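Below is one structure, written out as C-alpha cells, with a few remarks after it.
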Amino acid sequence: MNVLVIGSGGREHALCWKIKQSPLVQKVYCAPGNAGITSEAQCVDISVSDFDSLIDFAVKNSIELTIVGPEQPLSEGIVDLFEENGLKIFGPSQAAAELEGSKVFSKDLMKKYKIPTAEYSTFTDLNSALSWIKHINLPFVVKADGLAAGKGVIICNSTSEGENALSSIMKDKIFGEAGSEVVVEEFLRGEEASFFVFTDGKNFIPLQSCQDHKAAYDDDKGPNTGGMGAYCPAPIVNDKIRKKVIDSVVVPTINAMESEGRLYKGILYFGLMIKGEDIKVLEYNCRFGDPEAQPLLFRLKSDIVPIMDCIASGKLKQVELDWKPGYSVCVVMASSGYPGKYEKEHEIKGLDSFNENDDIYVFHAGTKYSNSKTVTNGGRVLGVTAAGEDLVSTINKTYTAVNKINCPNLFNRTDIGKKALKYL
Ligand code: AMP
Ligand code: GLY
C-alpha cells in the first residue's frame with residue numbers, strides 16, 4: 001500500500017523510518033517532511049493545515065493509509081474530513097481529539113470518571129480566577145484551555161506570578177482563543193513519564209514507557225520546551241506501576257470516551273506524574289510524543305502498519321509487541337535560543353558519520369536542504385537516537401554520536417537518561 005504521513009518533525013521522521021520497513025508498504029509520502037525524511041519518503045510540499053490539498057493528493061496517489069503526526073490537524077478535524085471523503089486515516093476524530101485540544105474537557109472527564117489527576121478549578125472570567133488564587137496553596141499551575149504549542153502551562157510560585165499568568169492568558173490573549181478559559185490546578189510533585197497505547201476505542205495495545213525531558217537545560221532548569229530528549233523504557237514505570245496505569249488510567253479513559261460518544265481511535269498518550277505508588281494524569285495527547293516517538297519506534301521490532309491499518313478500519317486485532325532488548329536514548333539538538341528566538345540556515349556537518357548497523361540513527365526535525373547542504377530550519381533540529389543493551393552504554397553511545405555532529409548554532413542537554421540510573 002501507499003502511505004502518507006502528515007507532519008515535519010522528528011516524530012514524523014521516526015514514523016516514516018519505521019513505516020518504510022513494513023513489507024506491506026510500497027511507497028511512503030510525507031507532507032511536508034524535512035531534509036532527513038527524504039531518505040525514507042517522498043516529501044510533498046503541502047502544509048499540515050491544507051486539508052483540501054492533502055485529500056486531493058491522497059486520492060490522486062492512491063494513498064491507502066494516512067497517518068497524522070501533530071495535534072493541530074487532529075483538533076481541526078482532519079480525520080472526520082478524510083473519512084467523509086472515503087479515505088482511511090489513523091488518528092482520533094475531532095470530538096475525540098478534544099482530550100488534548102481542551103484541558104477543561106479532559107479535566108472534567110477525569111473528574112466525572114474518577115481518573116486520578118490534580119485538583120483543579122476552571123474559569124472563563126479573569127476576576128473570579130484572580131480572587132481564587134489568593135486562597136490556594138503555592139505553587140499552583142495555570143493552564144490555557146486550548147492548544148498553545150506546548151507553552152500554555154505556567155507554574156506559579158507566588159500569587160503575583162499567578163496574576164501575571166492569568167492576565168496575560170485571559171486579558172492580553174497571548175495564546176489567542178486558546179486562553180478564553182483556564183484551568184488552575186494543584187502543583188504535583190514526583191517524576192514524569194509518558195505512556196502510550198494503540199486503541200480502536202474498545203481494545204488497546206500498550207507500548208513501552210518513556211521519559212521526556214521538558215526543560216531546556218540540564219537538571220531540568222530553564223524554560224519548558226517541546227522536549228529535549230527521551231529514553232525508553234522508563235524504569236520508574238515498573239511492572240506494578242504499569243499495571244496500575246492500565247487499570248486506573250488507560251481502561252477508564254478509553255471507556256469514558258466511549259460512554260461520552262467520542263470513541264477514541266489512534267494512539268493515546270498519557271502524560272503521568274508518579275510519586276511512589278501514586279499516579280496522576282497531567283495531560284492527554286492525541287498523538288505520539290515528540291521526541292518520545294524516536295526512542296520508542298527505534299526499539300520496536302513489530303510492524304506498526306498492520307496495527308495502524310486495523311485501527312483506521314475500526315477494529316484492532318490483539319498482538320503482542322516485540323521489542324529490541326535493552327534501552328534507547330534520544331538527545332535533541334536544538335537551535336541556540338530555543339524555545340525563544342533562534343536563527344535558521346546554519347549548515348549542519350557530520351551527518352554522514354553514522355552507520356545504522358551500529359544502532360544509531362539521526363532523526364531530523366527542523367532541517368532543510370539549501371544549495372545541496374543540510375541547514376537548520378527550526379527550533380528542535382535533530383534527534384540523535386541510539387539503542388543498546390544497557391542504559392549507561394546507550395547514553396554514552398548517544399552522546400558520542402551527538403559529538404560527531406558539527407553545527408556551532410546547536411545546543412543539547414548533557415543529562416538525558418541520567419534520572420533513570422537511580423532505579424537500576
Ligand atoms: P501539560 O501540557 O499539561 O502536560 O503540562 C506541561 C508540563 O507542565 C508537564 O509535562 C509538567 O512538567 C508541567 N505540569 C503540568 N501540570 C502540572 C502540575 N499540576 N504539577 C506540576 N507540573 C505540572
Ligand atoms: N514530548 C511531549 C509531547 O510530545 O507533547
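Going by amide H atoms built from the backbone, whose H comes under 5 Å of the H on VAL44, apart from near neighbours?
CYS30, ALA31
Distances over 17 Å make up what percent of all Cα-Cα pairs in region 188-246?
That fraction is 48 percent.
Would you mind calculating the relative contact order of the chain from Cα pairs under 8 angstrom and at least 6 residues apart, reporting the percent as a whole number?
17 percent
Roughly what percent of Cα-Cα pairs across region 5-99 reach past 23 Å?
For region 5-99, the share of Cα pairs beyond 23 Å comes to 17 percent.
Amide H of ASP212 versus every other amide H placed in the peptide plane: which residues, excluding those fewer than 5 positions away on the same chain, fall under 5 Å?
For ASP212, the qualifying residues are SER194.
If you build the Cα gyration tensor of region 320-375 and take the root of 5 times each eigenvalue, what three semi-axes come out, in whole angstrom, biggest first?
Ellipsoid half-lengths, sorted descending, are 28, 16, 10 Å.
Return the equivalent ellipsoid semi-axes of the chain as a descending list in whole Å, where each equals the square root of 5 times an eigenvalue of the C-alpha gyration tensor.
For the chain, the semi-axes come out at 31, 26, 23 Å.
Just to verify a number: what accessible area does ARG11 come out at with the full protein assembly present, 1.4 Å probe, Å² rounded to tens?
In the full protein context, ARG11 sits at about 20 Å².
Can you give the Kirkwood hydrodynamic radius for region 98-204, in Å, rounded to one decimal and based on Cα pairs?
Result for region 98-204, one decimal place: 14.6 Å.
Could you work out, for region 372-424, what percent of all Cα-Cα pairs fall into each 5 Å distance bin, beginning at 0 Å and stopping at the bin that holds the largest distance?
Distribution as computed: 4, 16, 26, 22, 15, 10, 5, 2, 0, 0 percent.
Above 14 Å lies some portion of the pair distances; for region 72-136, what is it as a whole percent of all C-alpha pairs?
It works out to 67 percent of all Cα pairs.
Largest first, please: the extent of the C-alpha atoms of region 120-162 along each principal axis, to the nearest Å.
So the three principal-axis extents are 29, 21, 17 Å.
Decide, for region 15-65, between rounded, prolate and oblate: order the square roots of the alpha carbon gyration tensor eigenvalues as a ≥ b ≥ c, take rounded if a/c falls under 1.5, and otherwise choose prolate if a/b is larger than b/c, else oblate.
Note, shape of region 15-65 comes out oblate.
With just the Cα atoms of region 287-398, tell me how far they stretch along each of the three principal axes, in Å, largest first.
Computed over the Cα atoms, the extents are 46, 36, 28 Å.
For region 177-296, list log₁₀ I(q)/I(0) at each q in 0.12, 0.13 Å⁻¹, using the Debye formula over Cα point scatterers of equal strength and ignoring solvent, two decimals each.
Log-scaled intensity ratios, in q order: -0.46, -0.55.
Just to confirm my numbers, what's the Cα centroid distance between region 364-405 and region 293-362 in Å?
11 Å
Return the long-range amide H neighbours of THR225 (sequence gap of 5 or more, or a different chain), with a cut-off of under 5 Å between placed amide H atoms.
Amide H neighbours of THR225: ALA215, ALA216.
So, in Å, what gap is there between the alpha-carbon centers of region 212-289 and region 91-111?
15 Å
Please name whichever of VAL141, ASN406, ASN203 sits farthest to the positive end of the charge dipole of the chain, dipole taken about the Cα centre and charges placed at Cβ: Lys and Arg +1, Asp and Glu -1.
Most positive-ward Cα: ASN406.
The values are calculated or read from the model by the stated rules, or taken from the named source; none is laboratory data. Quick caveat, the model's predicted, so the values are computed rather than measured. Using ideal geometry, Cβ is built from the backbone for each residue, glycine included, and neighbour counts are taken over all protein chains shown. Only protein heavy atoms, including side chains, enter the accessible area calculation; ligands, DNA and RNA are left aside. Shrake-Rupley method; radii C 1.70, N 1.55, O 1.52, S 1.80 Å.
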